[in-house]
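> This structure is in structure tokens; I'll ask about it shortly.
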Amino acid sequence: MKPILILAALLAGPALAADKIEINPPAKGTVSNAQGLEAWVRIYEVVSHPRCANCHTGASDRPMWSGPSYGRTRVHGMNVQAGESRIGAEFVLCSTCHAYREEPLDTPHAAPQVAADWRLAPPEADWFGKSSDDICNQLRDPDRNDDRDYLALAEHLDHDVILHWAWNPGGGREPAPFSLQEHADDILIWGVAGYPCAND
Ligand code: HEC
Ligand code: HEC
């Protein structure tokens, strides 16, 4: 960590120290195809994890409840539908239950309340139950990833508070694997390697 970041982290307290990530892509030409594929395997472990995939449900407008804390995999209870708005505007707003609160909520089975704009991911970012190749091809396709290159993908990870939650969910939920920093590093390694997918 750079000294200036350590200082900023100390001044801001422990929460920020744990959250802040650095975007340091490896130099072009220094990452082999094989290293890129290894990074992808780790990326897939993250994006297919319940803390991510439960919201990345593709054309379905139903969030999922899956992972050990849910016991069994099922669609979100209470007939919740995200609609085309993805925030439930046509039915019941996600924020009715997933409101934002400042203090951490550690009660098992309570609705996560970490972002005022809690909503379902866009249909193109379709990850729930999808194969490694499916997601790999989607994430490198500018037409289906909101025109993001690897730098924009990594920066998105830092800016999104929901992601900071996914690695520190509380309430007995299993955190996403690795760490937010390691995941961002893997996106950069994969991108610099030329976005390899196993089906190439
Ligand atoms: C609460 C629902 C929710 C959860 C949980 C969630 N996401 Fe998302 N995700 C979204 C929404 C909404 C967008 C669209 C926001 C945007 O494009 O700025 C998005 C977009 C993305 C994108 C942009 C790429 C694309 O193809 O559009 C990436 C990368 C991403 N999420 C990664 C993750 C990862 C990694 C996790 C788990 C650690 C995760 N998300 C968990 C809702 C979620
Ligand atoms: C009526 C209240 C309510 C509404 C409305 C609601 N949720 Fe939830 N949601 C919950 C509760 C409660 C849980 C946690 C259930 C548990 O842990 O057993 C939850 C959990 C989730 C999870 C799983 C998080 C995880 O990984 O553990 C996702 C994803 C989710 N909701 C998305 C949404 C989206 C998207 C909307 C709007 C389209 C929405 N919810 C609307 C109450 C609600």
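The values are calculated or read from the model by the stated rules, or taken from the named source; none is laboratory data. Small disclaimer: the values here were computed from a predicted structure and weren't measured. Don't worry about glycine lacking a Cβ; one is built from the backbone with ideal geometry, like all the others, and counts go over all protein chains shown.
> What is the number of the single condition among (1) touching an Asp or Glu at 6+ places or on another chain (Cβ under 6 Å); (2) within 10 Å of ligand 2 (Cβ to nearest atom); (3) modelled with pLDDT under 95 that Ile162 does not meet?
Condition not satisfied by Ile162: (1).
> Another one. Under the condition of being surrounded by fewer than 17 Cβ atoms within 10 Å (Cβ to Cβ) and not acidic (Asp, Glu), which residue from region 129-146 is farthest from ligand 2 (Cβ to nearest atom)?
Here the answer is Pro142.
> Whether any residue in region 77-90 is touching a Cys at 6+ places or on another chain (Cβ under 7 Å), in a loop (DSSP other than H, G, I, E, B) and either at positive phi or not small (Gly, Ala, Ser) (or both) is what I want to check.
Scanning region 77-90 turns up at least one residue that is touching a Cys at 6+ places or on another chain (Cβ under 7 Å), in a loop (DSSP other than H, G, I, E, B) and either at positive phi or not small (Gly, Ala, Ser) (or both).
Matching residues to (1) of a type in the set (Gly, Ala, Ser); (2) touching a Pro at 6+ places or on another chain (Cβ under 7 Å):
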residue: Glu22; (1), (2): no, no
residue: His49; (1), (2): no, yes
residue: Cys52; (1), (2): no, no
residue: Gly58; (1), (2): yes, yes
residue: Gln81; (1), (2): no, no
residue: Gly88; (1), (2): yes, no
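> Filtering region 41-57 down to residues that are of a type outside the set (S, T, N, Q) and in a loop (DSSP other than H, G, I, E, B), which residue is nearest to ligand 2 (Cβ to nearest atom)?
Filtering first and then ranking leaves Cys55.
> Could you tell me whether region 96-107 includes any residue that is more than 7 Å from ligand 2 (Cβ to nearest atom), touching a residue at least 40 places away in the same chain (Cβ under 8 Å) and under 15 Å from the mean Cα position of the chain (by Cα)? Walk me through how you get there before you give the answer.
From region 96-107, those more than 7 Å from ligand 2 (Cβ to nearest atom) are 99-107; that's our starting set.
Checking the rest, the ones that are also touching a residue at least 40 places away in the same chain (Cβ under 8 Å) come to 104-107.
Next cut, under 15 Å from the mean Cα position of the chain (by Cα) only: none.
No: region 96-107 contains no residue that is more than 7 Å from ligand 2 (Cβ to nearest atom), touching a residue at least 40 places away in the same chain (Cβ under 8 Å) and under 15 Å from the mean Cα position of the chain (by Cα).
> How many residues does region 112-123 hold that are surrounded by 14 or more Cβ atoms within 10 Å (Cβ to Cβ) and more than 8 Å from ligand 1 (Cβ to nearest atom)? Show your work before the answer.
Looking only at region 112-123, we keep the residues that are surrounded by 14 or more Cβ atoms within 10 Å (Cβ to Cβ), and these are 112-115, 118-121, 123.
Adding the requirement that they be more than 8 Å from ligand 1 (Cβ to nearest atom) leaves 113-114, 123.
Within region 112-123, residues that are surrounded by 14 or more Cβ atoms within 10 Å (Cβ to Cβ) and more than 8 Å from ligand 1 (Cβ to nearest atom) number 3.
> Within the group Asp149, Asp126, which residue is surrounded by fewer than 18 Cβ atoms within 10 Å (Cβ to Cβ) and at pLDDT 95 or above?
Testing whether each residue is surrounded by fewer than 18 Cβ atoms within 10 Å (Cβ to Cβ) and at pLDDT 95 or above leaves just Asp149.
> What's the number of the condition Ala116 fails, among (1) under 28 Å from Ala184 (Cα atoms); (2) in contact (Cβ under 8 Å) with a residue 24 or more places away in the chain?
Single failed check for Ala116: (2).
> Another question, if that's okay. If you check Glu103 against the conditions, is it under 29 Å from Ala184 (Cα atoms), assigned to a loop (DSSP other than H, G, I, E, B) and away from ligand 1 (no atom under 12 Å from the Cβ)?
Working: under 29 Å from Ala184 (Cα atoms): yes; assigned to a loop (DSSP other than H, G, I, E, B): yes; away from ligand 1 (no atom under 12 Å from the Cβ): yes.
In short, yes.
> Could you check how many residues of region 58-76 are in a loop (DSSP other than H, G, I, E, B), more than 16 Å from Ala125 (Cβ to Cβ) and in contact with a strand residue (DSSP E or B) (Cβ under 8 Å, 6 or more places away or on another chain)?
Total satisfying the criteria: 3.
> Quick one: would you say Ser95 is of a type in the set (Ser, Thr, Tyr) and farther than 19 Å from Trp165 by Cβ?
Judged against the criteria, Ser95 is not a match.
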